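Only the coordinates and a few stated rules stand behind these numbers; no lab work does. Everything numeric here is computed off the predicted structure, so don't read it as measured data. Cβ sites come from the backbone with ideal geometry, for glycine too, and all protein chains shown count toward neighbours.
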């Protein structure tokens, strides 16, 4: 059969493949197989090997990312520009791999002690990370969609990992149904786009969306549907309903994973779409994203204020943070703003990832002792676990955007982009954002207050033993949070717009 | 041991900074992407405040030696204090808006914890209120900084650069940007409608917190006006000056009346801060060299005097376990030295000539007689009259406070006779044993402040000389 197919396509030539550029993905794919095989052949007691192996695979995949960025030079474009390795792709790949590594560190004890299926857990985690890494380079509707499903489907299963827990099952089903629904909406939008423009390559869609200078009804629907599909992924209000339940029900490391890495992947896709496919459709996406951003910030914040469970609180807070990340995108079309916005989004994603993972690391560490997710269980944390107390304070303050911690620079960049636009949309969203930053501070402060000022509930002051892997995760995340706050220049230079769009020789 | 080490560290840091009185200026690239630099420098306006923040922190450290408020943990307390110190000193020397903002915000969190952890019964409410108010102000401030950045061509955040180019901004935009900064700084000062966090924060904060709050933190706001808002946006400043003036005078009268209604000593001093900062803001709003000089002097004087009053309140609280004015009486009999120091400070605070407070208040009122040419003379003369009435009220509440607490005989509760038991609670037994006069450490912490109050009162030229050239430069815009 294959022979006849090949005969039918005599002019088929295999594309030349730049193996160096694809190395991270190849290593990850090999790693997935390796973990799966190892899991088959080791005894139950030695399953911890899979965790270590996963971590090593992620670090190994990180090596080519580093070498690629050190070599620098030209943008590497594969498969006719459908798969591109540029600075933006490398930054987000590094982000996903490191975030994945931290999640593995967070998981190792949790999964081992919970008697979950360790091997499968890590295989799925790796698969999902592979999807994200692909997302960083995808510059074609098909490859974006494949990457998205690649990262989502394992995530659905991971959300339901605590099999005997009803909430976890609910989380899995809810996440699955809404996720598939979002994919369907998006796919519909994509098919319309293909129908209108006749291409799936983002860079070709860009000019084709507005051939005659106007945007027709079909194009509006297409752009809106694609964006809404990703709005589900990044849990922007009003497409956020799945987030809190899923976050609460899923195992906590997976919650951290979903709220950071999976969300970031959604934003990466949004960024590539907005900058490559829809630059001429800014009249459509700007108001849409503006509304999404404002709603996400405000609604997320107001709901977070009422939460008593820390994971739910962090879930709503991440919705509201998502609003802040959308803020620069909502004004990205206004002249010179494009570059500022892109930088703001990249920086925000990196800093937010470090801070939020750190916060979840503390949540996991504390829950090991208290077995509770209530904010009130943090009472007096400082008195019996000062290190965790201080770390949580650092993370909360960073999320609230207080200098000199990372969060302030992230927020600063977002405000800067909004004001750079210099139009009514930009000014109004900046003011709304400023008010929301204050509201957000109120609930982050609540956690700090518990840690520092409240008495210990039921007087149990036995210190918390934090396992080695969690400690490593905490050191990494806290280090990044603090260093980027003082020296934001380290990441702020990434996200060069010319690189992103220039890859197509425009 | 930790206390000692940290204390010595601060002392060395302090001496080091003192020797740097020259126009120390450093400019390093910091965040190149947003064109913000690590630019710091000192001039006549910032030097006194910078120095004040150093002195006050060291004195507070000395005071903390044996006055660590419950629940203890001096290590954390002093760490917070050092972070505070970094933020305050940094704000006064920053010559870059973003750097200024960062330092301005650095102060927030340690103060929050200081009030929240070591404060009084209502500490959580007070600290949250403090935090949210200031956070709100600074969020708006940041937005206006950014607007300023873009309106001047997105070139630099450096203050000298912006002063040069701020004049190009169209008037309407400038007025809005100024409004954002106004809210940010006014919350910190605090000016009249934004002042409600202050009494709570002061009352609930530990002594050290109150002292730093009163002596330095409030100055961050007024300093912001003088350093940033007015020089960069002079046209908008002219538009806003009457509003600032009116609010300042309302603050003076409101603060004074508020004082008269207080039953708690610390709360009374807190309201008196609102009144004093009103004088400072009145001086600033005249936009004259005299007014701003007076305001700067008033800032330092208020820092010294009110800081001292809060020290005293703290010590009284420690001895009597109450600050109810009703229950205190006859301090002069039981602790003559402390009583006299309190009298001295009350006099200084009400603006007795010859003490530092006078040189802040009097010229500020006087300068309102002839404000900058662009401003309405009639309005400011009216304000002057009302402000002068405010000084009378100030005399009234301070003397009233002093009379009630220091004169007369100690109440039975604290007189230490055999009646102590009849009061009831067993805890009251040892009240009178706590009551002792000023200790040696307290002398160490207070003497420099008292000396400074006298020295600056008798010889104000000492400070005016440093400030005047810088201020004259600043108001040149208004006197073409």
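Subtracting the Cα-Cα distance of residue B:263 and residue B:75 from 0.36 nm times their residue separation leaves 64.3 nm of extension gain. If R0 is taken as 56 Å, the Cβ-Cβ distance between residue A:59 and residue B:439 corresponds to a FRET efficiency of 0.40. Over the protein assembly as shown, dividing the summed -39,500 (n - 2.57) contributions of all DSSP H runs of at least 4 residues by the number of residues returns a 222 nm mean residue ellipticity of -24000 deg cm²/dmol.
Can you classify region A:107-252 as rounded, prolate or oblate using the Cα gyration tensor, where a ≥ b ≥ c are the square roots of its eigenvalues, rounded means a/c under 1.5, and otherwise it's prolate if a/b beats b/c and oblate if not? Prolate, since a/c reaches 1.5 and a/b exceeds b/c. The shape of region B:246-319 comes out oblate: with a ≥ b ≥ c from the C-alpha gyration tensor, a/c is at least 1.5 while a/b does not beat b/c. Convex hull volume of the C-alpha atoms in region A:270-311, normalised per residue: 60 Å³.
With a/c under 1.5 counting as rounded, go ahead and sort chain A into rounded, prolate or oblate using the C-alpha gyration tensor (a ≥ b ≥ c being the square roots of the eigenvalues; past the cut-off, prolate if a/b is larger than b/c, else oblate). Note, shape of chain A comes out oblate.
Mean silhouette area of region B:73-159, derived from the convex hull of its C-alpha atoms and averaged over all directions, reads 5.9 nm².
Annotation for region A:410-436 versus region B:93-151: alpha-carbon center distance of 19 Å.
Using a Förster radius of 25 Å, what is the FRET efficiency between residue B:379 and residue B:196 based on their Cβ-Cβ separation? Nearest 0.05, please. For R0 = 25 Å, the calculated efficiency reads 0.45. P(r) of the protein assembly as shown in 20 Å steps, Cα pairs, percent per bin? Values per bin, smallest distances first: 13, 40, 31, 14, 2, 0.
Modelled this way, with points 7 Å down the Cα-to-C-beta line, the labels at residue B:409 and residue A:173 are 8.2 nm from one another. FRET efficiency for the pair residue B:461 and residue A:384, taken as 1/(1 + (r/R0)^6) with r the Cβ-Cβ distance and R0 = 45 Å, rounds to 0.20. Counting 0.36 nm for each residue step from residue B:476 to residue B:243 and taking away their Cα separation leaves a gain of 81.7 nm.
Partner shielding of B:137-147 amounts to 6, given as the average count of beta-carbon atoms from other chains within 10 Å of each residue beta-carbon.
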